[in-house]
Structure formats: structure tokens, C-alpha cells
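One structure is given below, encoded as C-alpha cells.
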Amino acid sequence: MSLQELSRFDQLYLQSNDWPVNEFHHWDTVSFSTLDPEIQLSLLKNFSPDSVPVTLWRKLRLLLLGDQSVDGQKLLNLFSTLPFLQQNMLYSQLMRANFVGQSFAFDYASLYQLMINKFCQQSAEFCHVSPLIGCGNEDVVLLLTNQFVTVQHGPTLTILNYASALKAMGKHPVVICCTSVAKSGHYVYPMPAPIFFGTVRNEYFQGDTLFDLDAGKQQPNAGGAVVKCWDQYFDFMQITPMDDTEHLIDLVNVINQLNPRFIIGVGGLNPVLEFIAQSRPVLNVPCVTSLVTPLYAAPVLHRELTEKDQLRLDALSLSHPVLTSRLPFRLRKFDCVKSSKVTDKVLKFAIVGYRLEHEIRSDFINTLLMIKRQLPQSAFVIIGPDAIEGFPAELESCSYFSGRVSNAIDLIANCHFMLNPRRQGGGTSAIEALSLGIPVLTEAYGDVYQYIGDDFVFSSDQERLEFIQRYLTDAEFAADHTQTCLDAAAKATDSFAIVQQLLLDYDSYIYQLQH
């Protein structure tokens, strides 16, 4: 039946218009995604679509299932035939899937380059970014981001943290959310599921409004759109240039009029940032420690370059060298203190993340089972999801699922350790735990490892268990590691020092470009 349905959808997508987007999305979500992965693979490999959309859907699904037989050149050829908005939505989905470990063994750089060049060519037809004139305006710093949501959103806090540090340096930061995934354009250029649409909050389009993120409220503001966070105020602009060319024209006019020396993109790779970077210096600062490879912007890496990184850079021949920095953290105000003690009858492990249902895999489940069997008093505080599919009954009985909360640090404070699955994200919660003196136990992988260093990194469950047992029984050992936690958190949250050094390096690089 599934093959027959796929064939029917394929025929419908061969039409030049009236694509069955909603129907296909529903079928994919309800009927296909719920199948066992092996059955999905079998169906996909026994199906040869003719339409471009369903062919891309098939290849995307194979990538998400980890299939390594996808013909990269064919995918590239199909990708090149799409309008920019379809390219951007497809690329965004692949990046999001890759971030949570759902796709493997495929180099997306060629897709990115195609997409960016198409966007730059289209945009050049209706607006032009002026080059940096002289030293430029050093007082105003434009901070561009893909997504601006709430204080529960890591990248939102990150861009505001950069803005706060720049303000402390005497600069005037302006935060601009130029949502890089179409807000409504997908209705004009639809794609089959699975497609990720970035979150765009409608209220941010209101002018003359104060958005108080501290209180979660908004009110009229005669001075324009302003965001309040940490009792500080930041000028703010929300635009959707993927949907409305006038928004891009407005942004380009602001740049041409202000002539800012410093334009910094915070977050994922961004077509708008790349268009600007064709004409003037632009910095691309990610919210992760993995290497990002913009086509025209100057990349920042939040760690030291490795030999593998250098080989990657040599193969891509990027326009600019990589500037190295550290990702600064600014924790929300909290009143809690660590309340757990080694003498407690229940030994609590915090596991934190809003994508844990995708990030907790069988190896981590085995780690939890091993801990529970070796330390029967163990309990697990799982902060973020409401449940995890296939979670063993043996662990269910000693686990608490908090769902999404705004006070994760209050729950962490009552725990003895934080456990981190093998994943890219998780930095903010790890720094929160360290700031309370709570050890974060992780692998030598991902953002958390880069933030906390080697002090709490383990290559096996046995090593991890030996550390836990010694921490619980050796008071001097525990005290030393508590101080290590506090020192690591202090270093990671020294935003002023981190951003100041990055701006000095960026300024020096702009000077080299001009001379």
C-alpha cells in the first residue's frame, strides 16, 4: 500500500501546479515516519520516483536514515534546479537533522555554495551593498541572527550576550533578526515533508514596542522596537527578507547609510549575511564549536583549529582565514544553590536538553542502565522532554521527566551530577551546572566538551563510574573538582573579555583587508 501511495503522490507532483503538499506531509508524518527504519529503507529502495519534489524527498529520507548510497552528484543536480526558497528550506532541514545526529556521511558544502550564489545573484538585481568607506562607523555594531525567540532559546541569549558585551565596550549594538528560513514563502514554493520551518514570532514585527524578555511581556515604546534582557535595552529589528525583498532593501539601506565598521552574524550560516559579505567585511560567529564554512563571510571557530579542520579548509579554499575565539555565556539570574549532598539517600543525575528525544540513543541508555545497576540509589532528572520513546521500564521507574521548563537550573541544583549524551549542543545547561559546582560528565565530543575541557571527560562507562564512586567517597577529591567546576564556569561567562578580544582580532583583520 505504501508503494502505491508513493506512486500516487509522485504522479500528483508531476503536475505543474496544485501540489498535494498538506496531504503528502500528513501521510509522511502519520503513515511513513511511524514505520520501523528498516521498513522505511526497504520502501525507499524499492521506489523510483519521477517528479523532482518526491525524488528529493526520497533522498532526504535516505540521508536522515543514515544511508550512505545517496548519489551526491544527482542530489546536487536536482538541488540546482530548485528556486532559492526551496533550496533554502531543504538545506535548513538537512542542517537541523545533522545537528541532532540524524544524517551522516554527506558533504553539504556544495549545496550551500549553490544556494548562496543563487541568492546573491537574485538579490543583486534589486539592491546593492556599498563597500566599507574609510574606517567606517565604529560606534554602531550590527548584529544579525537567523532566529530570535525567547530566553529559553540558546541562540537568542547568545546574540544578546554579544550585544551586552559590546555595550559594555561603549558600542551601540543593533540586533536584527533576518529570519533565513521563509516565514510564508513555503506556501508559494512548497516542498514535501520533512521540512523544518524556523520559528518566527509575529509580535516582533510590531514597531514602537518594548519586548521585555525578563518579564515575558511587551508594551508600547515611543522610541522604536527595543528588547529588554538582564535589565539592559537593545535596539531591535525583525525582518523576513526570504519572503519580502523590501525587507532586504531596508536592511541594505541601513548599512549603506550607517557605514558600520563591524557587522557580525551570530548563529547558523545565513544567506543575508553572505550577500552583505560579498561587498564588505562581515564576521560569522556560530553558536556551536563545530567549524562553519561561510562562502563570503569571515568564519569564527570557538576552539583551536585541528589538523582535520585545516584539511577541510584547504579543500574548500574559503575567502577568509578562520578567527578563533570562545563562545561566551551569560546565565540568567538565579537564586538557587547546590542542595545535593553525597550523603543523600537518592543519587540524582540531571540530563538536560530540548532535543533529547532525538539525542538519547542506545549507547546512552546503556550508560544509564549501568549506573542504575551499579548504584541502585540512582535516579534520573530528565529536563526537556515529556517522555522518550522506547525508554526501558527499569529506568522509567526511577526517572522524572520535567517537560519544558523555564527554571532548569532549579532542578539541576538538586542533582549530584549532570550526564551529557553524545551530541553537539547542551552548552548553556552545562555551564549552569558548573556554576553551581556540579560536575558535568561527558565524552570528548561536541560543544559541552569544548566548554568544560578534559576534567570531566570519559571514554567508557567504567571510567565514568569510577569517577562517580570516588567523588562520593573522597571528600578532598570532590572539593577539588567542585572548584574546577566553578573555575570553568567563571572562564566561560567572562563575556566582556571574550568579545573584546574577538573584536580586536576582527578589527585587525579589517585593517589588513583595507591595506
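The values are calculated or read from the model by the stated rules, or taken from the named source; none is laboratory data. Bear in mind that the values here come from a model prediction, so they are computed numbers and not experimental data. Cβ atoms come from the backbone with ideal geometry, glycine included; neighbour counts cover every protein chain shown. These area figures cover heavy atoms from the full protein model, side chains too; ligands, DNA and RNA do not enter into them. Shrake-Rupley method; radii C 1.70, N 1.55, O 1.52, S 1.80 Å.
Below, the figures for the structure above:
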| item | result |
| --- | --- |
| Thr240, Thr34, ranked by accessible area, largest first (probe 1.4 Å) | Thr34, Thr240 |
| Theoretical ellipticity at 222 nm over the chain - DSSP helices of four or more residues, -39500 (n - 2.57) apiece, nearest 500 | -13000 deg cm²/dmol |
| Percent carbon-and-sulfur accessible area, the stretch 362-405, ignoring ligands, DNA and RNA, probe 1.4 Å | 47 percent |
| 14 Å beta-carbon shell around Gln218, net charge (K/R +1, D/E -1) | -1 |
| Global form of the stretch 441-504, assessed from the alpha-carbon gyration tensor, a/c cut-off 1.5 | oblate |
| For the stretch 363-464, the Rg and Dmax computed from alpha carbons only, in angstrom | 13.2, 34 |
| Where Val254, Val54 fall by accessible area, highest first, once all protein chains stay in place (1.4 Å) | Val254, Val54 |
| Prolate/oblate/rounded call for the stretch 1-79, Cα gyration tensor, a/c under 1.5 rounded | oblate |
| Using a Förster distance of 22 Å, the FRET efficiency for Gln310-Leu513 (Cβ separation, nearest 0.05) | 0.50 |
| Rounded accessible area per residue of the chain, 1.4 Å, Å² | 44 Å² |
| Gyration tensor verdict on the stretch 207-333 (Cα atoms; rounded if a/c is under 1.5, prolate if a/b is larger than b/c, oblate otherwise) | oblate |
| Potential extension, Met95-Ser69 segment - 0.36 nm per residue separation minus Cα distance | 7.5 nm |
| Solvent exposure ordering (accessible area, 1.4 Å, most first) of Glu394, Glu125 | Glu125, Glu394 |
| Surrounding net charge for Val175, when Lys and Arg each add one and Asp and Glu each subtract one, Cβ distance under 12 Å | +1 |
| Probe 1.4 Å - accessible area at Arg201, Å² to nearest ten | 80 Å² |
| Contact order relative to length of the chain, as percent, for alpha carbon pairs under 8 angstrom and 6 or more apart | 12 percent |
| Area of His128 that stays accessible when all protein chains are in place (1.4 Å probe, Å², to 10) | 130 Å² |
| Candidate values [x] 31.4; [y] 24.7; [z] 36.5, label of the one derived for Kirkwood radius over Cα pairs in Å | [y] |
